[in-house]
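Here the structure comes first, spelled out in structure tokens, and everything after it is commentary.
Only the coordinates and a few stated rules stand behind these numbers; no lab work does. Predicted model only: the values in this text are computed from it and were never measured. Virtual Cβ from ideal backbone geometry, glycine too; neighbours counted across all protein chains shown.
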Amino acid sequence: MKNEKTIDILKTAILLERKGKAFYSHVAMQAKDADVKEFFQMMADEEDEHINFLVNQFESVTKTDSFSKMEFKHEDHADDEILTSKVKTKIESASFEAAAISSAIDMENRAVAVYSERAQSAETTEERDFYNWLANWERGHNKLLHEIDKALKDKVWGDNNFWPF
């Protein structure tokens with residue numbers, strides 16, 4: 001299986017996750033509110049977990065010419081959703097953090113696309129399952145970010161009396 005396409009996808013994925021971690025870490029450092037800071041740090045920490053999984057698979061592919069079998073699990077998003085509801089009220093609509101939410105949605109969309117496309121062309125069940133699992137985890141991030149973005153849009157409309165009725 002050790003082909004350049006597999007290695008290239010893993011390298012791309014590792015870089016994508018490292019960029020995400022750097023982005024979320026930077027936003028967390030810049031955030032003034034503790035809940036907003038915690039949310040972005042949580043996102044950075046999860047990107048770090050993705051990096052570790054990808055690096056482990058990269059090492060497996062380069063050493064054994066196959067994806068290693070993994071137990072696919074990650075933490076439940078219940079706590080994330082509680083934190084997200086706090087964040088919705090703390091981010092100002094025209095702030096740096098609001099712009100970061102929009103950028104993060106684009107980043108997470110890209111990750112979902114990369115992982116989903118690779119899962120479809122995977123050469124083994126282990127590889128397919130691995131990329132599907134990562135894509136689903138990124139979809140969870142996307143869901144949280146979209147909820148915050150929607151709340152921010154509703155807040156802008158409400159604050160500025162944009163409603164037509």
Practice task
Only Lys, Arg, Asp and Glu count, each charged at its Cβ (+1, +1, -1, -1), so figure out the dipole size of the stretch 1-58 about its Cα centre, rounded to 20 debye.
Solution key: 320
Exercise for the section: Using 0.36 nm per residue of separation minus the Cα-Cα distance, give me the extension gain between Q120 and K63 in nm, one decimal. Expected result: 18.2 nm
Exercise for the section: Using packing as a proxy for protection, rank 126-138, 22-34 so that the peptide with the highest average count of other Cβ atoms within 10 Å comes first. Expected result: 126-138, 22-34
Completion exercise
Placing each pseudo-label 7 Å from Cα in the direction of the beta carbon, A113 and N56 end up separated by a distance in nanometres of 2.9
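With a 10 Å radius around each residue's Cβ, average the other Cβ atoms per peptide and rank 42-50, 99-107, 59-67, highest first.
Values: 42-50: 19.2, 99-107: 17.2, 59-67: 14.8.
Packing proxy ranking, top to bottom: 42-50, 99-107, 59-67.
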Exercise for the section: Be a star and scan the stretch 7-38 for residues whose amide nitrogen sits under 13 Å from the point 7 Å along the Cα-to-Cβ vector of K155. Expected result: 32-37
Completion exercise
In this structure, among K19/K69; K11/K88; K90/K143, pairs with alpha-carbon gaps over 28 Å are K11/K88
Completion exercise
Expected sort for I7, I91, I14 with the fewest Cβ neighbours (10 Å cutoff) up front is I7, I14, I91
